[in-house]
Amino acid sequence: MYSALLLLGSALFGQTSADTIADRMLARIDGAQWRVPFTGSKSAACQPRTLYQQAFGANGEFTEHCVSRAGGLIEESFFYAFDEPGPVLLKMEVRPEPPADVEIARALREILTKRFGAPTREANMIEVGMPFAGDRWVSEKLHYFLFQNPSGMPLGISGAVLLIVLDSRLFGEIRKDALVDQADSADPARPFLERLVGDYYGRLIDAYPKTSFERDILAKQTSREALDLLGVANRALLDERAMLLLAANGLITKLSTLLWEVDSETAPAGLIRLQLAKFGVKLGGILHDGGLAYNQDLLWRAWREFPDSQAGQLAFVELQQRGWFTDPGTSCPANPDLFHDVIEHGEAFLAQHPATPFRKEVLFTLAAANESWWSIAHAPAGDPFVSDIPYPRKNLNKQQAAAARARAVDYYEQIVKLAPESPEAASAERRLPRLKLALDTGQRRFFCSYD
């Protein structure tokens, strides 16, 4: 009789405990102060976010993370600084305290579908960092992601149900991640080299053999093409010679990752070492992670011998991107602050070549170098990049870090004005708000570390 009354009551009111919990979860989202600046919280435990070079895209670049537990729910709030006024709430995660019934996911799915229609498509790791798919709904300002985990607790979810909600401002930044990433991996020389020597150049550079047999075949093809280019370079006019040296350098860099045998001059590696030595190129011993040591001999030659040519300027850009440190081993220089060389060389280059077609690329290295200076000076004691290496200029760099931050802001703003649609501008716009607010950006690009 008592069970029958319970069933009758549920039917009359049309709501189960799962429905009630789902309603409360969504009420937390509906009542949140989205895009309101962070001022701290008395009802939640909040911690600032320390960023590192290997950030997780826009989704992982929050400045504050707050956690509260109330009414059987766990609520996490994330604040981001993508605009200059300051960090604002752009993401929430809400889940029931364990143990939680997966029926809650059903109830949430029904409510969200009633509000916004059927899920538009499955959510994925790229968007919200989950290792498996879930359902997604979109309102005018928010994106709702529902993940259900009936089997336990795999990576990424604690409990049976997780609701993640992103403000459209954050979602828009996530969509820009791919463009932002291009700025740090840009290779401005490649289009010129492929135009000069053919598409096969890119195919060889991009090839990744799966077996030792495939590796040997690729090594033979790459070494043959590199030697052919060096032979042609010896007979070419100056500007073309410089570009051919750059192309050969790229192929030899690739080749150095494919060769493992150095004990015998009759082995493939021994033979190619002898052949390259005739052109002044040295392949060294086996590296700890495999492959042979190569110190970018031809890259340095292209810059030093042809500094005013197009290829020479492309070589300069690559040396800037490398921090003027091309040692292929595992050691760092006595002063790990590569950003000093990048700043010194970059400023001198722009003064001497004001009309260079690669101004944007050089400005970007200058901005990142000054940002590195600022960020490294504020590294916490346990920073995995900075704390485990001798750092002779640490105190002096900290004294001058404020000026470096100002220069970084100036260079990034120049990039946005010069090339507003470029990957470099997208990266600049991502970093500028934090820099202007004097919030650490975690930039470590031009710092040599063993980590």
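What FRET efficiency would be calculated for the residue pair residue 295, residue 23, taking the C-beta separation as r and a Förster radius of 45 Å, to the nearest 0.05? Don't skip to the answer; put the middle values down first.
Values: r = 65 Å, r/R0 = 1.44.
After rounding to 0.05, the efficiency reads 0.10.
I need the trypsin sites (Lys or Arg not before Pro) found in the stretch 278-331, filtered to DSSP loop residues with at most 14 other beta carbons within 10 Å of theirs.
Working: sites: 278, 282, 301, 304, 322; in loops: 278, 282, 322.
Passing both the DSSP loop test and the Cβ count: 278, 282.
Please report 143, 65 as a ranked list, fewest other C-beta atoms within 10 angstrom at the top and most at the bottom. Present the calculation step by step, with values, prior to reporting the outcome.
Working: 143 21, 65 16.
Fewest-to-most ranking of 143, 65: 65, 143.
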One finds, for residue 332 and residue 35 with R0 = 45 angstrom and r their Cβ-Cβ distance, a FRET efficiency to the nearest 0.05 of 0.60
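Taking other Cβ within 10 Å of each residue's Cβ, how do 253, 20, 39, 441 sort, fewest first?
Values: 253 19, 20 14, 39 8, 441 25.
Placing the least packed residue first, the sequence is 39, 20, 253, 441.
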Hey, fewest Cβ within 10 Å first, where do 92, 25 land in order?
92, 25
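Given R₀ = 30 Å, FRET efficiency for residue 308-residue 200 by Cβ-Cβ distance, to 0.05?
Values: r = 29 Å, r/R0 = 0.97.
With R0 = 30 Å, the Cβ-Cβ based efficiency is 0.55.
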Label zone at residue 45, where the point sits 7 Å out along the Cα-to-Cβ direction: the stretch 59-81 residues whose backbone N lies under 20 Å:
62-79
Please compute the modelled spin-label separation between residue 224 and residue 355, points set 7 Å along Cα→Cβ, answer in nm with one decimal.
4.4
So for the stretch 185-316, averaging the separation of alpha carbon pairs under 8 Å that are six or more residues apart and normalising by length, what relative contact order in percent results?
23
Too long at a 26 Å Cα-Cα cut-off: which of 91/176; 220/282; 141/417; 398/436; 282/360; 282/394?
141/417; 282/360; 282/394
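No lab work stands behind these numbers, since they all come straight from the coordinates. Not measured: the values here are computed from a predicted model. No Cβ is skipped: glycine too gets one built from the backbone with ideal geometry, and neighbour counts run over all protein chains shown.
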